[in-house]
1. Go through the residues of region 21-29 one by one and say whether even a single one is touching a strand residue (DSSP E or B) at 6+ places or on another chain (Cβ under 8 Å) and of a type in the set (Phe, Trp, Tyr).
2. Within region 71-88, how many residues are in contact with a strand residue (DSSP E or B) (Cβ under 6 Å, 6 or more places away or on another chain) and either of a type outside the set (A, V, I, L, M, F, W, C) or on the phi > 0 side of the Ramachandran plot (or both)?
3. Say we look at region 47-105 and pick out the residues that are charged (D, E, K, R), surrounded by 12 or more Cβ atoms within 10 Å (Cβ to Cβ) and not in a loop (DSSP other than H, G, I, E, B); which of these is modelled with the lowest pLDDT?
Amino acid sequence: MALPFDLTEDAVYDLEEAVGYLAAENPPAALRLADELEQTFLFLAQWPSAGHRREDLIEEPELRFWSNTDYLIGYFGNRSPILIVCVLHGSRDATSILAPRLERL
């Protein structure tokens, strides 16, 4: 059965980086983070309009955002399956990261 969400290569990298970083210090916490993020992706797939726009970050009318723990998830909810384009720690500069990613889509 196909998942109700897709991740871009960049989003996969973000996810692996976040979980890998945490796993080096606390493997059980890394597993919890991976599970929490997957549950969030499933929630967003079920409720794609749950997120909100962030015009302060980027002017892309169809891109929505959802915060989960310390991470900002950017996704296109107007696609089926939804497309997750970023899973960024809140301390990162989302504006400078998102612009080139969207150009590659």
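1. No, region 21-29 has no match at all.
2. Our first condition is that a residue be in contact with a strand residue (DSSP E or B) (Cβ under 6 Å, 6 or more places away or on another chain); within region 71-88, this holds for 71-77, 81-88.
This time we only want the ones that are either of a type outside the set (A, V, I, L, M, F, W, C) or on the phi > 0 side of the Ramachandran plot (or both), so: 71, 74-75, 77, 81.
Count: 5.
3. Looking only at region 47-105, we keep the residues that are charged (D, E, K, R), and these are 53-56, 59-60, 62, 64, 70, 79, 92-93, 101, 103-104.
Right, trim to surrounded by 12 or more Cβ atoms within 10 Å (Cβ to Cβ) and you get 53-54, 60, 64, 79, 92, 101.
Those left that are additionally not in a loop (DSSP other than H, G, I, E, B): 64, 101.
On the way: ARG64: 97, ARG101: 93.
The extreme case among them is ARG101.
The rows are residues; the columns are (1) of a type in the set (Lys, Arg); (2) touching a helix residue (DSSP H, G or I) at 6+ places or on another chain (Cβ under 8 Å); (3) within 24 Å of ALA2 (Cα to Cα).
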{"residue": "GLY51", "(1), (2), (3)": "no, yes, yes"}
{"residue": "GLU62", "(1), (2), (3)": "no, no, yes"}
{"residue": "TYR71", "(1), (2), (3)": "no, yes, no"}
{"residue": "ILE82", "(1), (2), (3)": "no, yes, yes"}
{"residue": "LEU88", "(1), (2), (3)": "no, yes, no"}
{"residue": "PRO100", "(1), (2), (3)": "no, no, no"}
{"residue": "GLU103", "(1), (2), (3)": "no, no, no"}
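The values are calculated or read from the model by the stated rules, or taken from the named source; none is laboratory data. All of these numbers come straight from a predicted model, not from anything done at the bench. Because the Cβ atoms are built from the backbone with ideal geometry, glycine has one as well, and the counts that use them run over all protein chains shown.
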